[in-house]
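What follows is one structure encoded as structure tokens, with my remarks underneath.
Read-outs: derived from the displayed coordinates by stated rules, not from any lab. No experiment lies behind these values; they were computed from the predicted model shown. Reconstructed Cβ throughout: ideal geometry from the backbone, glycine too, with neighbour counts over all protein chains shown.
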Amino acid sequence: MIEENIVQTILKTYEKNQKIVNIFKKNNFLKKENPFNKEEKIINPIFPEKKQNLTFSGVDSGFVNKQFNFANLVILKEAGCVFNYKDSKLLKVKYFPKTYNLPKPYLTTSSLEIEEVLWNTSLLRLRKEISLSKEIIENTQKLDFSLLDGSIIPQYLSKPSKDSKLYKTYFDLLSLYISLYNLCKEKKIYLVGCIEDSRGDRFFNFLKNNFIKEEINYSLSDYFFVFSLLSKNQRTCVFKYSDNLKEHPILKDFPEDIYENLYVCYLKLSEDDYPLRIEFIYFKEFGLSLKEYTEVIVSNVSSISSFNKRYVYPSPLIEADLQSRLKIQEIDVIVRDILEKTRKVGFRLPRRESRIF
């Protein structure tokens with residue numbers, strides 16, 4: 001009975017959501033101008049590159065936290081790959097730092113609070129991923145796209161409080177991000193963040209506040225909303241990352257020329273999967289208008305993201321994810337080795353992880 005109530009609640013919520021979407025569908029967004037870029041419409045067609053001949057890099061990492069009696073251990077494995085395409089066929093793949101990457105342990109003292117352990121893990125993971133992205137760019141003769149798994153900026157959950165001992169580490173990470181942006185700008189590489197899952201509702205609220213006359217005291221996630229509003233091979237217009245860039249908890253820590261040129265859009269490439277959210281920095285130095293710049297990114301990212309209609313995601317990032325996944329055996333080997341060498345000084349797992357029954 002409880003399960004049936006849950007099912008009915010979900011179905012009723014879906015019906016209500018569809019009624020909201022139908023209000024939006026009354027507007028012809030294919031002809032309405034985008035206030036963030038007047039050269040394009042609110043909804044635009046996608047034309048995936050039919051003859052792909054570019055080179056893409058993808059970076060990801062896998063990690064696990066292990067708590068000991070007087071220290072915390074982060075086991076992390078970052079991995080990157082470069083895909084070279086020729087006539088839309090994958091010609092060559094190169095792996096970074098090498099074909100098989102071993103996970104590495106990183107120790108922090110137990111003086112960190114629980115939230116600081118989470119900050120530390122996030123900061124460490126992002127530092128490794130961004131550093132690897134830079135390494136790939138610096139060691140690849142010709143690279144056209146640098147793809148990040150996740151947002152193009154750190155998320156607010158990664159930002160320590162001002163009184164945390166990790167606060168300086170956070171700003172060191174921002175400097176690393178800025179150096180990656182500058183490197184991509186210098187080498188004319190398109191830098192794109194691809195988000196697998198998002199709970200944002202910024203696009204929904206943008207349309208509601210600017211185009212809808214009816215009063216809607218309701219919010220939909222962008223993923224559901226865009227999926228219901230768009231047809232296959234359509235995308236949303238580009239829009240700014242935040243309504244208030246100067247007050248955003250992360251963006252306000254970046255230079256103005258970065259946060260003023262940070263854009264987002266959603267691509268619907270399949271009827272069987274949610275839209276792909278992409279984020280990018282618009283580099284005017286490439287000599288393209290914002291619309292031209294957007295179309296280059298959309299057409300090329302689309303062409304390498306649609307091989308599976310139920311899982312729309314760029315292939316280099318899928319491969320980087322597979323290469324960076326931690327295996328249970330890898331974790332056990334590291335933990336066991338550390339315990340064997342430090343047991344004499346009382347280093348051990350918490351009691352809940354060392355039960356004998």
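Values computed for the structure shown
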read-out: Reciprocal of mean inverse Cα separation for the range 1-133 (Kirkwood radius, Å); value: 20.5
read-out: Contact order normalised by residue count of the chain, Cα under 8 Å, 6+ apart, percent; value: 22
read-out: Option label - Cα extents along the principal axes in Å computed here, alternatives (1) 114, 53, 49; (2) 72, 61, 40; (3) 87, 49, 33; value: (2)
read-out: Rg over Rh, two decimals, the range 238-292 (C-alpha only, Kirkwood Rh); value: 1.06
read-out: Bins of 10 Å from zero: percent of alpha-carbon pairs in the range 131-286; value: 10, 34, 34, 19, 4, 0
read-out: Value of D in µm² per second that Stokes-Einstein yields for the range 42-106, Kirkwood Rh from Cα pairs, at 10 °C (1.306 mPa s); value: 106
read-out: Inter-centroid distance (Cα atoms) of the range 151-170 relative to the range 207-239, Å; value: 31
read-out: For the range 199-280: rounded, prolate or oblate by the Cα gyration tensor [a/c cutoff 1.5]; value: oblate
read-out: Sparse-neighbourhood loop sites, trypsin sites (Lys or Arg not before Pro) in the range 37-129 - DSSP loop, at most 13 other Cβ within 10 angstrom; value: 50, 51, 98
read-out: MRE, 222 nm, helices only [DSSP H, n ≥ 4, -39500 (n - 2.57), over the chain, to nearest 500]; value: -12000 deg cm²/dmol
read-out: Unsatisfied cross-links (Cα-Cα over 24 Å) in the set 89/309; 168/240; 213/309; 94/232; value: 168/240; 213/309; 94/232
read-out: Most mobile of 212, 178, 152 in a GNM of the chain (Cα contacts under 10 Å); value: 212
read-out: Cα centroid separation, the range 47-107 to the range 277-339 (Å); value: 9
read-out: Qualifying GluC sites (Glu not before Pro) for the range 152-255 [loop in DSSP, other Cβ within 10 Å: at most 13]; value: 214, 215
